[in-house]
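Before any comments, here is the structure.
The values are calculated or read from the model by the stated rules, or taken from the named source; none is laboratory data. What you see is a predicted model; the values in this text were computed from it and never measured. Here Cβ is always computed from backbone atoms with ideal geometry, including for glycine, and neighbour counts include all displayed protein chains.
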Amino acid sequence: MENISISNNQKVLKYLLIVIFGSVLLTISAKIKIPFYPVPMTMQTFMVLFLGISLGYKIAVITVFVYLLEGVLGIPVFSNSPEKGVGLIYFTGPTMGYLIGFLLAAFFSGYLNFQTNIISIFIKLLFSVFFIYLFGIVWLGILIGWEKPIFEIGVKPFIYAELFKVLLLTFLASYITKIRKII
């Protein structure tokens, strides 16, 4: 009976370390800006989808939630923090919808089966990333007003970068899913 308890404690510790490591990877991916057209690109959405594919939906969603909680609590984990603020003030700013969309993107990228053909994987990843932009533009509309060109502000500048990241993940997905077996 005692061996089961130790095993469960080790399992919890292992998942806790995975979640912490995943949140560190998300933070790093948010901080590195890569020159891209028309706006600089971070690998944050790539990492959200990567976590879903590699860890499965449960651990990926917990990891993204922990990352968001760290940001809300004032740890400068988000893309433009601390220079544009930290904590709840930053979180409830223009990017809040996108950040919340990370949760659904992590869920779907972790839930959907990526052991299929390239086209199917590409469509599933587009479906997963769609929620980031859906929540992003809804929040932008609420925040700055629907009379503004929300799509042109909140989606259009990022389309090429997102397509690049989704294509990259499409070709890597069959390799990334093998991480789940190790965990």
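Within the range 20-40, the residues that satisfy the criterion of being of a type in the set (A, V, I, L, M, F, W, C) and either surrounded by fewer than 20 Cβ atoms within 10 Å (Cβ to Cβ) or free of Cβ contacts under 8 Å to residues at least 12 places away in the same chain (or both) are ILE20, PHE21, VAL24, LEU25, ILE28, ILE32, ILE34, PHE36, VAL39. Selection over the range 92-150 of residues that are in contact with a Lys or Arg (Cβ under 7 Å, 6 or more places away or on another chain) and free of Cβ contacts under 8 Å to residues at least 24 places away in the same chain gives a count of 1. Check off (1) crowded, with 23+ Cβ neighbours inside 10 Å; (2) of a type outside the set (Phe, Trp, Tyr); (3) farther than 23 Å from VAL155 by Cα for LYS58 and give me the number that stays unchecked. Result: LYS58 passes all but (1). Just wondering, is there one or more residues in the range 80-87 that are over 18 Å from PHE131 (Cβ atoms), at pLDDT 95 or above and not hydroxyl-bearing (Ser, Thr, Tyr)? No, the range 80-87 contains no residue that is over 18 Å from PHE131 (Cβ atoms), at pLDDT 95 or above and not hydroxyl-bearing (Ser, Thr, Tyr).
Residues are listed down the side, and each one gets a yes or a no for (1) at pLDDT below 95; (2) within 21 Å of TYR90 (Cα to Cα):
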| position | (1), (2) |
| --- | --- |
| SER109 | no, no |
| THR116 | yes, no |
| SER120 | yes, no |
| PHE127 | no, no |
| ILE132 | no, yes |
| VAL138 | no, yes |
| ALA173 | yes, no |
| ILE176 | yes, no |
| ARG180 | yes, no |
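Only one of the numbered conditions (1) surrounded by 13 or more Cβ atoms within 10 Å (Cβ to Cβ); (2) over 22 Å from LYS156 (Cα atoms); (3) among the aliphatic types (A, V, I, L, M) is not met by VAL48, and that is (2).
So for the range 67-88 (the condition being in contact with a Pro (Cβ under 7 Å, 6 or more places away or on another chain), closer than 21 Å to VAL155 by Cα and surrounded by fewer than 16 Cβ atoms within 10 Å (Cβ to Cβ)), does at least one residue qualify? No: the range 67-88 contains no residue that is in contact with a Pro (Cβ under 7 Å, 6 or more places away or on another chain), closer than 21 Å to VAL155 by Cα and surrounded by fewer than 16 Cβ atoms within 10 Å (Cβ to Cβ).
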